[in-house]
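Colleague: Below is the structure I would like to discuss, written out as structure tokens.
The values are calculated or read from the model by the stated rules, or taken from the named source; none is laboratory data. As the structure is a computational prediction, the values presented were derived from the model and not from experiment. Note: ideal-geometry Cβ built from the backbone for every residue, glycine included; neighbour counts use all protein chains shown.
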Amino acid sequence: MPLPSSGPISLAMIRQFYGGAAPDSIFEYYRGGAYVPNTAANSAIPTSGAISLFNFYGQGGSGGGGSLAASSSSANKTDTLPEPAPASRTVTATGSVSASGGSGSYTCTWAHLSGSTAIPTPGANVFSPSFSATVAKNDTLTAVKRCTVSDGISSVTTDMSVNLAYFTT
């Protein structure tokens, strides 16, 4: 759905549609810049020079905002116990995925990319996954999980490193 064709329009509405972060300036939203794709759906938005909120009326088409982007944190956890200690232990770590730009309506799917298959792969639409696995004493399990984020128009991937360790002292 494009930006409104009439009525009030604000920089906050433009930011929500195309992406960006406050505080911002109208000059950050030139067509072909960091947030506004240089497409026919944005043809009334200038590429330089004078720019106004009025340039954004009805712009964007159904293509959503600026480029979809995603990033992730790694999920790391090391448990340490004094001897005598159990031969294995369940270790849990949590990571996170964040998305920006695009249409603003995000979904995600996960896939195992490499490493230990003992670390389960999260289900769909989990943006703060917890990874749990049984780890042998004085050992580390590692894996890389790939998250594909979609805004219903395009998709991007981000890879999350997972490290679960159990050591004794």
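Colleague: Is it fair to say Thr39 is within 30 Å of Ala133 (Cβ to Cβ) and surrounded by fewer than 19 Cβ atoms within 10 Å (Cβ to Cβ)?
Modeller: Judged against the criteria, Thr39 is not a match.
Colleague: Looking at (1) closer than 27 Å to Ala143 by Cα; (2) outside any loop (DSSP other than H, G, I, E, B); (3) hydrophobic (A, V, I, L, M, F, W, C), can you tell me which one Ala41 breaks?
Modeller: With respect to (1) closer than 27 Å to Ala143 by Cα; (2) outside any loop (DSSP other than H, G, I, E, B); (3) hydrophobic (A, V, I, L, M, F, W, C), Ala41 is out only on (1).
Colleague: Also: Please count how many residues of the stretch 82-134 are in a loop (DSSP other than H, G, I, E, B), on the phi < 0 side of the Ramachandran plot and not aromatic (Phe, Trp, Tyr).
Modeller: Step one: list which residues in the stretch 82-134 are in a loop (DSSP other than H, G, I, E, B), which gives 82-87, 95-96, 101-106, 116-129.
So of that shortlist, the ones also on the phi < 0 side of the Ramachandran plot come out as 82-87, 95-96, 103, 105-106, 116-124, 126-129.
If we keep only those that are not aromatic (Phe, Trp, Tyr) too, we end up with 82-87, 95-96, 103, 105, 116-124, 126, 128-129.
Number satisfying all stated conditions: 22.
Colleague: Condition check: β-branched (Val, Ile, Thr) and assigned to a strand (DSSP E or B). Does Thr78 satisfy that?
Modeller: Considered against the rule, which asks whether it is β-branched (Val, Ile, Thr) and assigned to a strand (DSSP E or B), Thr78 comes out as yes.
Colleague: Right, here's the next one. For the stretch 1-31, what are the residues that are assigned to a loop (DSSP other than H, G, I, E, B) and within 22 Å of the chain's Cα centre (by Cα)?
Modeller: Met1, Gly19, Gly20, Ala21, Ala22, Pro23, Asp24
Colleague: Another question, then. If the requirement is being of a type outside the set (A, V, I, L, M, F, W, C) and free of Cβ contacts under 8 Å to residues at least 40 places away in the same chain, which of these qualifies: Pro129, Pro120?
Modeller: Working: Pro129 fails: free of Cβ contacts under 8 Å to residues at least 40 places away in the same chain.
Just one listed residue meets the conditions, Pro120.
Colleague: Which one is farthest from Thr121 (Cα to Cα) among residues in the stretch 142-169 that are without any contact (Cβ under 8 Å) to a residue 40 or more places away in the chain and either among the aromatic types (Phe, Trp, Tyr) or out of contact with any Phe, Trp or Tyr (no Cβ under 9 Å at 6 or more places or on another chain) (or both)?
Modeller: Among those that are without any contact (Cβ under 8 Å) to a residue 40 or more places away in the chain and either among the aromatic types (Phe, Trp, Tyr) or out of contact with any Phe, Trp or Tyr (no Cβ under 9 Å at 6 or more places or on another chain) (or both), it is Thr142.
Colleague: Sticking with this one: Just a yes or no: is a residue in the stretch 105-113 at pLDDT 95 or above, of a type in the set (Phe, Trp, Tyr) and surrounded by 13 or more Cβ atoms within 10 Å (Cβ to Cβ)?
Modeller: yes
Colleague: Separate question: Report the residue count in the stretch 142-155 for those that are crowded, with 18+ Cβ neighbours inside 10 Å and not in a loop (DSSP other than H, G, I, E, B). Steps first, answer last, please.
Modeller: Initial filter on the stretch 142-155 (crowded, with 18+ Cβ neighbours inside 10 Å): 143, 145, 147, 149-151.
If we keep only those that are not in a loop (DSSP other than H, G, I, E, B) as well, we get 143, 145, 147, 149-150.
So the answer is 5.
Colleague: If I filter the stretch 44-64 down to residues being in a loop (DSSP other than H, G, I, E, B) and surrounded by 20 or more Cβ atoms within 10 Å (Cβ to Cβ), which single residue comes out as modelled with the highest pLDDT?
Modeller: Just the residues of the stretch 44-64 that are in a loop (DSSP other than H, G, I, E, B), to begin with: 44-52, 57-64.
Those left that are additionally surrounded by 20 or more Cβ atoms within 10 Å (Cβ to Cβ): 45, 59-60, 64.
Numbers: Ile45: 89, Gln59: 82, Gly60: 75, Gly64: 46.
Only one residue fits best here, namely Ile45.
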